[in-house]
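Chemist: Below: one structure in C-alpha cells.
The numbers here are math on the coordinates, done by the rules we state, and not lab data. Note that the structure is a prediction, hence the values are computed from the model and not measured. Note that each Cβ is placed from the backbone with ideal geometry, even for glycine, and that neighbours are counted across all protein chains shown.
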Amino acid sequence: MLLPKQRAASVGVALLASFVLVLGLIAPALAQGAVPNSLRIMAPASPGGGWDQTARYAQMVFRDARIIPGTVEVFNVPGAGGTIGLARLVSTERGAGDLVMITGLVMVGAIITNQSAVSLAQTTPIARLTAEYEVIAVPANSPFRTLDDLLKAFKENPRAISWAGGSAGGVDHILVGLLAKEVGVAPSDVNYIPFSGGGEALAAMLGGHVSAGVTGYGEWAAQIEAGNLRALAITSAQRVPGINIPTLIEQGVNIELANWRGVVAPPGITAQQRQALINAFDRLHASPQWQQVLVDNNWSDFYLSGDAFAAFVEQENARVTAVLKEIGLAP
C-alpha cells in the first residue's frame, strides 16, 4: 500500500511520462511545418535578369503572404553563368540554413562549359519553381514554312542553316544540339551563332542574316504576335495555354526542353533546416500571390520540391553533359 507521499510521486512520474510522450509526438509535427525565421536569397547574376527577377518576386511573396516571419534579403553575386555564386554557396556559406540560391538549366550548362570546380551535386536541392519554354522561329519572309521544311534543309546541308541564339553552351545552344542529334547531323556541322542577348539575336533574325533562331518564348513573343517572325515550334510537352504554337513532340520530334529555375541551399545543413526551407517554398508555391506572379510574368508553373527535385537535377545534368559533349563544348 502506497503512502500519500508515494502515491503523489507515482502520479507525478506518470504525468511527466505522459507529457514527454505527447511532446515526442508533437515536436516532429511542429518541425515538419516549421520555416526559417529569416531568409537570404542569392541571385547569382546581375540585377534585372531572370534569376534576379525570380529572387525578388519570391522575396515579395514571402513578405506579403507572411510566410517568413523575419527579414527576407536578396543579394547578387554575378559572373560566369552563376558559377561564382555557386562557389560561394558551396564554400563560404556551407552549413547556412537561412540561405538559398536561385539556379536553373543555364547554370547546369555553365558548370560544364566553364569546367567549374564546384557543381550542383555539392548543394542541397530545395525546389524547382518555374519554367519558360524555348521557341524555334524564322523571319516572316523565310522559305521555311514549317518545322519539317527547316529540319529537312538542316539535314541535307547543315552548314547552310545558321542558327541564332544566346551564349555558347546555354539553353538555346543545347536545343540546337538536341535538334542536330534528332536528325542525325554531326555536331561539327552545326552552324550556331551565339549572341549576348535576345535583342541582338532578334536583330539578326529581322535583318535576314540567319536562317532561324531559338530563344525563350517571352523574348520574341511581341514579334511573333506582330507577324514579323514565324514560330515553327515550342519545346513544351503539350501546347501552352494562350500560345498558339505547335510543340516539337506533336510534330514528331521527341524533344522537351524547359528553361527551368529553382533554388538550392548550401551543403552541410541539417535535415531540419532542409525541411524548413522546403516547407517555406511549398507554402510560397501554394500562395495566391505566387500564382499571380506566374500569370503576370507568363511563367509556367514547374514546381517540384525535396527528393524529387534532387533526382530531376541529377537527370538534367546527365542530359546536358551528353549534349554538350556531342557539340564539342564539354571535355
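Chemist: Just how far, in whole angstrom, is the range 109-156 from the range 182-254 if you go by their alpha carbon centroids?
Modeler: Each part's Cα centre sits 10 Å from the other's.
Chemist: Let me have the 222 nm mean residue ellipticity of the chain computed from DSSP H runs of 4+ only, each contributing -39500 (n - 2.57), with the sum over all residues rounded to the nearest 500.
Modeler: It lands at -14500 deg cm²/dmol.
Chemist: Based on the Cβ-Cβ distance of Ala121 and Gln272, what FRET efficiency does E = 1/(1 + (r/R0)^6) give at R0 = 25 Å, to the nearest 0.05?
Modeler: Given R0 = 25 Å and the Cβ-Cβ separation, E is 0.65.
Chemist: Follow-up question, since we're still on this one. Evaluated at 10 °C with a viscosity of 1.306 mPa s, what Stokes-Einstein diffusion coefficient in µm²/s does the chain have when Rh comes from the Kirkwood expression over alpha-carbon pairs?
Modeler: The estimated diffusion coefficient comes to 73 µm²/s.
Chemist: Also: By how many degrees, 0 to 90 and rounded to 10, does the Cα axis of helix 271-286 deviate from the longest principal axis of the chain?
Modeler: 60 degrees
Chemist: With the Cα gyration tensor of the range 133-251 giving a ≥ b ≥ c as the square roots of its eigenvalues, does the rule (a/c under 1.5 for rounded; else a/b larger than b/c for prolate; else oblate) give rounded, prolate or oblate?
Modeler: rounded
Chemist: Still on this structure, please answer the following. Projecting each Cα onto the charge dipole of the chain (Lys/Arg +1, Asp/Glu -1 at the beta carbon, about the Cα centre), which of Val183, Val263, Gly49 comes out farthest on the positive side?
Modeler: Val263
Chemist: Related question: Once you charge only the Cβ atoms, +1 for Lys and Arg and -1 for Asp and Glu, what is the size of the charge dipole of the range 133-251 about its Cα centre, to the nearest 20 debye?
Modeler: Roughly 160 debye, rounded to the nearest 20.
Chemist: For the chain, what is the charge dipole size about the Cα centre, in debye to the nearest 20, if Lys and Arg each add +1 at the Cβ and Asp and Glu each add -1 at the Cβ?
Modeler: The dipole of the chain has a size of about 1080 debye.
Chemist: If one takes the longest principal axis of the Cα atoms in the chain, at what angle in degrees, from 0 to 90 and to the nearest 10, does the Cα axis of helix 288-297 lie?
Modeler: That works out to roughly 10 degrees.
Chemist: If you don't mind, there's one more thing I want to ask. Could you give the dipole magnitude of the range 170-238 about its Cα centre, charging the beta-carbon of Lys and Arg +1 and that of Asp and Glu -1, in debye to the nearest 20?
Modeler: In debye, rounded to 20, the range 170-238 gives about 100.
Chemist: Let me ask you something else. How long are the three semi-axes of the equivalent ellipsoid of the range 59-205, in whole Å, if each is the root of 5 times an eigenvalue of the C-alpha gyration tensor, listed from largest down?
Modeler: In descending order the semi-axes read 38, 18, 13 Å.
Chemist: Taking the Cα atoms of the range 184-323, report the difference between the largest and smallest coordinate on each principal axis, in whole Å and largest first.
Modeler: Over the range 184-323, Cα extents along the principal axes are 55, 37, 31 Å.
Chemist: By how many degrees, 0 to 90 and rounded to 10, does the Cα axis of helix 307-326 deviate from the longest principal axis of the chain?
Modeler: It works out to around 30 degrees.
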